[in-house]
1. What pairs come up if the first residue lies in the stretch 266-295 and is on the phi > 0 side of the Ramachandran plot, the second is buried (at least 22 other Cβ atoms within 10 Å of the Cβ), and their beta carbons are under 8 Å apart, counting only those six or more places apart or on different chains?
2. Of the residues Gly232, Gly198, Gly211, which single one is within 11 Å of the ligand (Cβ to nearest atom) and closer than 13 Å to Trp174 by Cβ?
3. Quick one: count up the residues across the stretch 226-259 that are under 17 Å from the mean Cα position of the chain (by Cα), in a loop (DSSP other than H, G, I, E, B) and at positive phi.
4. Read through the list (1) at positive phi; (2) surrounded by 21 or more Cβ atoms within 10 Å (Cβ to Cβ), then give the number of the only condition that Tyr70 fails.
5. Being surrounded by 19 or more Cβ atoms within 10 Å (Cβ to Cβ) and assigned to a loop (DSSP other than H, G, I, E, B) is the filter here, so list the residues in the stretch 281-302 that pass it.
6. State yes or no: is Ala179 in a helix (DSSP H, G or I), over 20 Å from the mean Cα position of the chain (by Cα) and within 14 Å of the ligand (Cβ to nearest atom)?
7. Is there any pair with a first residue in the stretch 124-148 that is more than 20 Å from Asn113 (Cβ to Cβ) and a second that is in a helix (DSSP H, G or I) whose Cβ atoms are under 6 Å apart and which are 6 or more apart or on different chains, and what are they?
8. With the requirement that a residue be exposed (fewer than 15 other Cβ atoms within 10 Å of the Cβ) and in contact (Cβ under 8 Å) with a residue 24 or more places away in the chain, what does the stretch 15-41 give you?
Amino acid sequence: MIKPIYSPAPDRYENGMKYRRCGKSGILLPEISLGFWHNFGDVDTLSNSMDMAHYAFDHGICHFDLANNYGPSYGSAEETFGLLMKKSFMPYRDELFISSKAGYDMWPGPYGNWGSRKYLMASLHQSLKRMNLEYVDLFYSHRYDPETPLEETLQALVDIVRQGKALYVGISRWPKEAAQVAYDYLAAHDVPCLIYQGCYNLFNREPEEMGVLKQAKENGAGFIVFSPLAQGLLTDRYLNGIPEDSRIAHGGHLKKEALTEKRLQQIKALNEIALRRGQTLAEMALAWILKDDYVTSVIIGSSSVNQLEKNLKALDSAPFSAEELEEMEGICNI
Ligand SMILES: NC(=O)c1ccc[n+]([C@@H]2O[C@H](COP(=O)([O-])OP(=O)(O)OC[C@H]3O[C@@H](n4cnc5c(N)ncnc54)[C@H](OP(=O)(O)O)[C@@H]3O)[C@@H](O)[C@H]2O)c1
């Protein structure tokens, strides 16, 4: 049987998604966004990747987060997105907010990594082709480059906007001091930094501790969280061992060494609180981040429509009591 042409849910903006303003900008982002780091590459099942993207859009997730090297192989998540554009999303381009990035290892030789103008410009050019897009909504410097003058990286971002290849720019994983240079430089060149992308979750408080969360707000930028579930640790995935189809078993960035005995005890204890609250640990972990108005959106990863469906329930989460928050802090500080 021929699969029918995708037609998005007519009620996609009325079935529970909430939108938050991104810093001092005209942009609203869904509280939950979808990331293409894993499960959208050419090693993955295309129909599953497409089903997840369709399900997301049908439920008001209009922000998809990509990067040049997402896959594996490098570039293949953008190619999958390019197929989605061609087959499904072209008529809805203006409803979508698409980001890509450059900053990590992408192609061999001296020009395929870090933060030079040469790399950022060439990489975005390639990304647009792979994604079947004329422009991205948001382009990031994926990481701080200690060797390239910051002004070179930042001027490349300004020029990318001037060229119409991105509507907004952002920074990801920049340390606080360099981030301030970025906020100031970009504002002075009339291309204010839209957003900072950083890792933040119950197990990783670095943005709070280093002050980049507060700094984004003070500079009128939004803050978008990556790996809000600590790559799956903050879910029920590993409660009873390491499932064969899990991220740890696949042997990527999440190593089995991350699942220490102490970590497992923390996960179990947090899971108990979640059960008491009548929700899954994943829902609770997302709700914990979203309780904070410093955060504009969380970018979740997902390996199935089922996970997406479950995680969207975080949007209806009950508020946390002071006792619950205290208990959670205690567990995370063990
Ligand atoms: N800027 C950066 O440097 C940077 C770095 C990392 C990520 N990111 C962005 O952030 C996005 C999200 O990162 P992430 O994938 O690490 O996010 P995450 O949401 O912390 O982890 C996602 C993984 O958790 C598991 N999971 C999700 N929901 C679940 C549920 N309900 N029950 C059980 N397991 C569940 C799945 O793993 P299984 O495969 O085991 O099912 C899923 O692939 C990326 O796609 C990317 O766009 C950016």
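Read-outs: derived from the displayed coordinates by stated rules, not from any lab. Since the structure is predicted, the reported quantities are computational estimates derived from the model, not experimental observations. Because the Cβ atoms are built from the backbone with ideal geometry, glycine has one as well, and the counts that use them run over all protein chains shown.
1. none
2. Working: Gly232 fails: closer than 13 Å to Trp174 by Cβ; Gly211 fails: within 11 Å of the ligand (Cβ to nearest atom).
Criteria check complete, one pass: Gly198.
3. Qualifying residue count, the stretch 226-259: 1.
4. For Tyr70, the failing item is (1).
5. First, pick out the residues of the stretch 281-302 that are surrounded by 19 or more Cβ atoms within 10 Å (Cβ to Cβ): 281-290, 295-302.
Of everything in the stretch 281-302, those that are surrounded by 19 or more Cβ atoms within 10 Å (Cβ to Cβ) and assigned to a loop (DSSP other than H, G, I, E, B) turn out to be Val295, Thr296, Gly301, Ser302.
6. Values: in a helix (DSSP H, G or I): yes; over 20 Å from the mean Cα position of the chain (by Cα): no; within 14 Å of the ligand (Cβ to nearest atom): yes.
No, not satisfied.
7. Filtered contacts from the stretch 124-148: Met131/Glu78; Met131/Phe81; Met131/Gly82; Asn132/Gly82; Asn132/Met85; Asn132/Lys86.
8. Here is the first cut: in the stretch 15-41, the ones exposed (fewer than 15 other Cβ atoms within 10 Å of the Cβ) are 15-16, 18, 21, 24, 26.
Within the stretch 15-41, Asn15, Gly16, Lys18, Arg21, Lys24 qualify.
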